[in-house]
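Here the structure comes first, spelled out in structure tokens, and everything after it is commentary.
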Amino acid sequence: MWISRLINTWAMGLFALIASHSLYAGCQASLVSLDAISSQNTYDVFATGQSALVQNYRLRADIQGEECSVEVELDLDKGASALRSANQQQIQFEWQGSNGYQKAGHWYLTLSESKPVTTFQIKYPAKQWLDAGRFSGELKATISGTSLLQNQNEQELSLNIEAVVLPSAKIQFYGLSQQHYDLDIGELTVNKVIHSAPKLWVQSTGSYSISIESMYRGVMRHQSADTQWDIAYQMLLDNQPIELSKTSSQWHSDQATSGRPIPITFIVGDTNRKPGGTYNDTLHISIEPNLAQQP
């Protein structure tokens, strides 16, 4: 009697083992495609909100077997959390999707015979300051636990992805929100130096040019509008003279900057034999990035 029970117990255990092995053996899976849903890849360094760029991807698999499901690991450059540019700058990203979870820099999701297709996102948080350029990486999708599957082919897909930072620039008065500023320089005297103008605040992802245009071509005009009373003056940006007699003058910088204050100085010319009254000029200041640095 004892021997019979032992044999029955062993036979049940063997049956359970065989049944479990048959379940895996009947599960066949292969990755079919990994592609981008949209072509958006431009990252705006001046964007507000949580994300400056969101890229959507779709993963498709061929799965056969009743109630068969597989886990897929998504990886970018062996667990990296950023894309890199040619000069080794990094743009950070985050995984996101309704089907999956993150672990140790990887994204894991489950596909099944009934749901062989899924989508996921790579999101790039806003307020990352970067130079203009291309940031790239290799995205890989791999089926986990392939030793349990009959089909050992097509268990991995890869896709090169990139984010692009375009040449862009922004200028404003340092510490001020308005785009227009009235500067009262007080009484005009010969060679008077004015340092009270607000500084310019510049941000640019690459080299840039500041353009200055004087309404009266570098002179302050009397309230009578009579040109014989014009008073010439000089303007300096960061101690560099600006030629205001031209239609438009430019000040150049070859350096990208996340924020640079640029001081403005004015020097009044000859005021002798000029009538009393109010004198004025209007300056239009703008900034342009160097588009030759287009990635």
**Asked** What is the extension gain from Arg84 to Arg60, computed as 0.36 nm multiplied by their sequence separation minus the C-alpha to C-alpha distance, in nm to one decimal?
**Response** 5.9 nm
**Prompt:** For the pair Ser112 and Leu291, what calculated FRET efficiency results from E = 1/(1 + (r/R0)^6), where r is the Cβ-Cβ distance and R0 = 45 Å, to the nearest 0.05?
**Reply:** 0.35
**Scaled radius of gyration (Cα, divided by 2.2 N^0.38 Å) that the stretch 156-295 gives** = 1.35
**Item:** Within the chain, longest stretch clear of exposed trypsin sites (Lys or Arg not before Pro) (DSSP loop, no more than 10 other Cβ within 10 Å)
**Value:** 79-272
**Chain lengthening between Ser248 and Met215 when straightened (0.36 nm per residue, less Cα-Cα)** = 10.9 nm
**Request:** Could you compute the FRET efficiency for Ser51 and Lys170, with r as their C-beta to C-beta distance and R0 at 25 Å, rounded to 0.05?
**Result:** 0.80
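Quick check on my link table: of Lys170/Lys274; Lys123/Lys170; Lys127/Lys192, which ones sit more than 32 Å apart, alpha carbon to alpha carbon?
Correct reply: Lys170/Lys274; Lys127/Lys192.
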**Message:** Please rank Leu53, Leu166, fewest neighbouring Cβ atoms within 10 Å first, as an exposure proxy.
**Reply:** Leu166, Leu53
**Message:** What percent of all Cα-Cα pairs in the stretch 24-110 falls into each 10 Å bin, going from 0 up to the bin containing the maximum distance?
**Reply:** 13, 38, 32, 12, 5, 0
**Request:** Based on a Kirkwood Rh over C-alpha pairs, give the Stokes-Einstein translational diffusion coefficient of the chain at 25 °C and viscosity 0.890 mPa s in µm²/s.
**Result:** 99
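What's the ranking of 176-189, 203-216 by average number of surrounding C-beta atoms within 10 Å, highest first?
Working: 176-189: 9.6, 203-216: 20.2.
Going from most to least packed, we get 203-216, 176-189.
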**Message:** Need the list of aspartates and glutamates near Lys140 for cross-linking: C-alpha distance under 19 angstrom, and skip anything on the same chain fewer than eight residues off.
**Reply:** Asp35, Asp62, Glu71, Glu73, Asp75, Asp77, Glu94, Glu154, Glu156, Glu162
**Message:** Quick check for me: using +1 on Lys/Arg Cβ and -1 on Asp/Glu Cβ, what's the dipole size of the stretch 26-165 about its Cα centre, in debye to the nearest 20?
**Reply:** 460
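Quick note: the coordinates plus some simple rules give every number you see, no bench work behind them. Since the structure is predicted, the reported quantities are computational estimates derived from the model, not experimental observations. As a convention, Cβ positions derive from the backbone with ideal geometry for all residues, glycine included, and neighbour counts pool all protein chains shown.
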